[in-house]
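Rule-based calculations on the coordinates, nothing more; no lab input. Note that the structure is predicted; figures quoted are calculated from it, not measured. Reconstructed Cβ throughout: ideal geometry from the backbone, glycine too, with neighbour counts over all protein chains shown.
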Amino acid sequence: MAEVPSTVIVIEDELSVREALGGLLRSVGLQARLYGSVREFLEAGHPDGPSCLVLDVRLPGKGGLEFQKELVALGIGIPIIFITGHGDIPMSVRAMKAGAIEFMTKPFREQDLLDAVQSGLERDRARRKQEEGIAALRTRFDSLSQRERDVMLQVVAGRLNKQIAGEFGVSEITVKVHRGNMMRKMQAKSLTDLMLIAQRLKLQTVES
């Protein structure tokens, strides 16, 4: 299946700067979407595929830092590169603490921006890959029966088959059957694999 193309989103209210940024990005083969305000971007919708956001600090309506705060609160992890003609140290510190990957004061070197964009896109590709992996693990976990889930939580807590059998009031053979089915469905080849899966899914295990 073909990989979804990467997109650089530019939100900059000054038309000449916005078009110059779009031309720069397209000149190196990047797909760019240009907007004059946060509202325009929200109305257009987020593109599919890896992306990063080149965001001006001062914008009509909602400013860049305010928009970043909203994205963080919503758990939307799109990498942000701030650009501004009126930056100061407290502003840059605030942006970087909130997760921005770069804070650039105009005028900036074109190559510096391109380097930051590539870094942002790589970060978003990694984030998407991680989320897709966790979604696949969640689908496997959801395929387990309730008893298989219970057994999994007991196993990753370090319980032996005999102990699990006593906990549930069933035979050890029954526990082995549930455990085998669970390991197969979770595609775990070892106890270590299963424990790593439980960590990635942030499962709350029983006390050992």
Whole-Hz Karplus couplings 3J(HN,Hα) for the range 4-10, θ = phi - 60° and coefficients 6.51, -1.76, 1.60, Gly and Pro as x, run 5, x, 7, 9, 9, 9, 10
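Can you sort Ser119, Ser143 by how many other beta carbons sit within 10 Å, fewest first? Write out the running numbers ahead of the final one.
On the way: Ser119 15, Ser143 11.
In increasing order of surrounding Cβ atoms, one gets Ser143, Ser119.
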Note: Arg123 to Thr174 extended length (0.36 nm per residue) minus current alpha-carbon separation gives 13.8 nm
Among the lysines, select those whose C-alpha is under 20 Å from the C-alpha of Lys129, and discard any that sit fewer than 8 residues away in the same chain. Lys202
Give, as a single signed number, the net charge of other residues whose beta carbon lies under 11 Å from the beta carbon of Val8, with Lys and Arg counted +1 and Asp and Glu -1. +1
Less than 23 Å apart at the alpha-carbon level, and either on another chain or at least 8 residues along: which lysines does that give for Lys106? Lys62, Lys69, Lys97
Could the peptides 125-134, 91-100 be put in order, highest first, of the mean number of other beta-carbon atoms found within 10 Å of their residues? 91-100, 125-134
Contact order normalised by length for the chain, with contacts defined as Cα pairs under 8 Å and 6 or more residues apart; what percent is it? 15
Taking the chain and counting helices only, DSSP H stretches of n ≥ 4 at -39,500 (n - 2.57) each over all residues, the nearest-500 ellipticity at 222 nm comes to -18000 deg cm²/dmol
Using θ = phi - 60° and the Karplus relation 6.51 cos²θ - 1.76 cosθ + 1.60, list the HN-Hα couplings for the range 48-53 in order, rounded to whole Hz, with x at every Gly or Pro. 6, x, x, 7, 9, 10
Suppose each label sits 7 Å from its Cα in the direction of the beta carbon; what would the Glu19-Val72 distance come out to in nanometres? 3.5
On alpha-carbon atoms, Rg over Rh for the chain using Kirkwood Rh? 1.18
For the chain, with only Lys/Arg (+1) and Asp/Glu (-1) charged at the beta-carbon, what is the dipole magnitude about the Cα centre, in debye rounded to 20? 1060
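Any idea what the relative contact order of the range 7-129 is, in percent, if you count C-alpha pairs under 8 Å spaced at least 6 apart?
Details: 189 pairs, mean separation 29.2, N = 123.
Computed value for the range 7-129: 24 percent relative contact order.
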Quick one: Karplus J couplings for the range 30-43, per residue in order, coefficients 6.51, -1.76, 1.60, θ = phi - 60°, nearest Hz, x for Gly and Pro? 8, 8, 10, 10, 10, 9, x, 7, 4, 4, 4, 5, 5, 5
Among Leu55, Leu201, Leu24, which comes first, then next, by fewest other beta-carbon atoms within 10 Å? Leu201, Leu24, Leu55
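Provide the convex hull volume over Cα atoms per residue for the range 7-129, in Å³. Mind dumping the intermediate values first?
Details: hull volume 12.2 nm³, N = 123.
For the range 7-129, the hull spanned by Cα atoms encloses 99 Å³ per residue.
Could you tally the net charge around Leu53, taking each other residue with its Cβ under 12 Å from the Cβ of Leu53, Lys/Arg +1 and Asp/Glu -1? Walk me through the numbers before you get to the answer.
Details: positive: Arg33, Arg123; negative: Glu12, Asp56, Glu102, Asp124.
Every neighbour counted, the sum reads -2.
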Gain upon complete extension [Glu43, Thr105; 0.36 nm per residue less C-alpha separation]: 19.6 nm
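With a 10 Å Cβ neighbour count serving as the proxy for reagent exposure, in which order, fewest first, do Ile76, Ile11, Ile101 appear?
Working: Ile76 11, Ile11 25, Ile101 17.
In order of increasing Cβ crowding within 10 Å: Ile76, Ile101, Ile11.
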